[in-house]
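Only one structure is covered here, and it is reproduced in the block below.
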Amino acid sequence: MSVAKNLLYEGKAKIIYTTDEPEILLAHYKDDATAFNAQKRGRIVGKGEINCKISQVLFQYLEARGIHTHFIDCPAPNQMRVMRVKILPLEVVVRNIAAGSLCQQTGLPLGTVLKQPLVEFYYKNDQLGDPLLTRDRLLLMELATPDELDQLQQQALQINRYLSEFFQSCGITLVDFKLEFGLDAQGTIRLADEISPDTCRLWNSADTDPNNRVMDKDRFRRDLGNVENAYQQVLERIQTRGQGNGEL
């Protein structure tokens, strides 16, 4: 079992440590919560453990369907061993329903179902506010190669199909979500970071109230309350679904 050695990086939601195995890192999930590019800060009790468990279930689910991820295992409830990857400086966002910045920037009404999933690329740069970039700008900045961008788009759409089906079976609507990818030592693109209510916009499919249906970090962003309960609800639903299908 890999043992944590040195702190490699601390982000908004996780602390990454090196281990005694050079190609394996240890991710410690934190309870810290941030929004609006860290302008709003807080704490969601138990979030680290909940998000780690949710990410574990979803990484395993995607691996079983041929998606390469950085996931190895979870030595503790809020810790995940992962393969070391070189993170691409891009946030890949997939949208199924209009919400958040898409509504603000286009005027589309909240809840508009998109005719087809929308894939967007954002530059991971806090100083610039993580701007939305066109493909040509990404290539101009050499943030990824044309082949890598094609692979990212294709994988994002595949992951969207799998996750949408999974969440739907849990009574949850996958509105949109953010993905991060990295390159392993062999140059293979692997899904990295996490998949959780921190990175997904999730609505209770059985509730039409625009506030009550929210099951993700929007409860923190918009001061809707019951944040911990919403995260716990997501975990319980996906664990029940996973156990029922032998995926845990």
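See the values below:
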item	result
Length-normalised contact order of the stretch 133-236 in % [C-alpha pairs under 8 Å, at least 6 apart]	16 percent
Whole-Å semi-axes of the ellipsoid equivalent to the stretch 17-86 (Cα gyration tensor, √5λ, descending)	23, 15, 12
Tensor-based shape of the stretch 85-168 (alpha-carbon gyration tensor, a/c under 1.5 rounded, otherwise prolate or oblate)	oblate
Separation of alpha-carbon centers, the stretch 48-66 and the stretch 121-190, rounded to whole Å	17 Å
Relative contact order [Cα under 8 Å, 6+ residues apart], the chain, whole percent	18 percent
CD proxy at 222 nm, helix term only [per DSSP H run n ≥ 4: -39500 (n - 2.57); per residue of the chain; nearest 500]	-9500 deg cm²/dmol
Helical segments meeting 15 Å axial Cα length and Kyte-Doolittle -0.5 threshold in the chain (DSSP H)	47-63
Percent of Cα pairs exceeding the 31 Å cut-off, where the set is the chain	19 percent
Rounded accessible area per residue of the stretch 65-205, 1.4 Å, Å²	47 Å²
Per-peptide average of other Cβ atoms within 10 Å, ordering 114-125, 66-77 highest first	66-77, 114-125
Selection from Cys74, Tyr122, Ala230, by position along the positive dipole direction of the chain (Cβ)	Ala230
The chain - percent of accessible surface contributed by carbon and sulfur, probe 1.4 Å	47 percent
Global geometry of the stretch 1-143, whether rounded, prolate or oblate, following the gyration tensor of its Cα atoms and the 1.5 cut on a/c	prolate
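The values are calculated or read from the model by the stated rules, or taken from the named source; none is laboratory data. Quick caveat: nothing in here was measured; it's all calculated off a predicted structure. Neighbour counts are summed over all protein chains in view; Cβ atoms, including those assigned to glycine, are modelled from backbone coordinates with ideal geometry. Accessible surface areas use protein heavy atoms only, side chains included; no ligands, DNA or RNA. Shrake-Rupley method; radii C 1.70, N 1.55, O 1.52, S 1.80 Å.
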